[in-house]
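Some notes on the structure that comes next.
Coordinate-derived values only; no laboratory data. Just so you know, these numbers come straight off a predicted model, no measurement behind them. Note that we place each Cβ from the backbone using ideal geometry, even for glycine, and neighbour counts take in every protein chain shown.
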Amino acid sequence: MIPDNSATLGLPGRAGNGTTVDGRHPPAAWRITRRGNRADLARIASTKICNDEEWLTVARYIRHAANKLGPELPLCLPGEPQQCGRPTQQHVIAWSAHLKALSHHLIEPATPSEARGAHAAGPMYQRRLAELRTLSALTRSPQ
């Protein structure tokens, strides 16, 4: 059993799935596995983030996803053991770029040919990005 170091992190003690909160096992509130949290992430992604608490939530989502795919990112957000002093918004930007690079790195060996890899990393990516931007614009506009 992993020791409960939640007091050091200033977080709730248990993640809801039996693991402790240690930065690598985010609490249930940060997970994208439950329907409500997906809606929260979609809301955050489609609205302008304007406070540190929202940036912190997004940074934790991105770190969690990136840690599942590649080398672990440090526990350096404000209030964490290795706090680096950078604002949470800067973490979101840097870690999003890291996640994008991880994704591209996964595409390369997964495709059967260089042409398909180029298509996935190019036109397919651009099409999906355009869809996300359209979705965000529709969600942001008053109805």
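Normalising by the residue count of the stretch 58-129, find the relative contact order in percent from Cα pairs under 8 Å and 6+ residues apart. Numbers along the way, then the final one.
On the way: 50 pairs, mean separation 17.3, N = 72.
Result for the stretch 58-129 is 24 percent.
Please work out whether the stretch 76-123 counts as rounded, prolate or oblate from its C-alpha gyration tensor, where a ≥ b ≥ c are the square roots of the eigenvalues and a/c under 1.5 means rounded, while otherwise a/b larger than b/c means prolate and anything else oblate?
Verdict is prolate for the stretch 76-123.
Based on Cβ point charges of +1 for Lys and Arg and -1 for Asp and Glu, what charge dipole magnitude is obtained for the stretch 77-128 about its Cα centre, in debye rounded to the nearest 20?
200 debye
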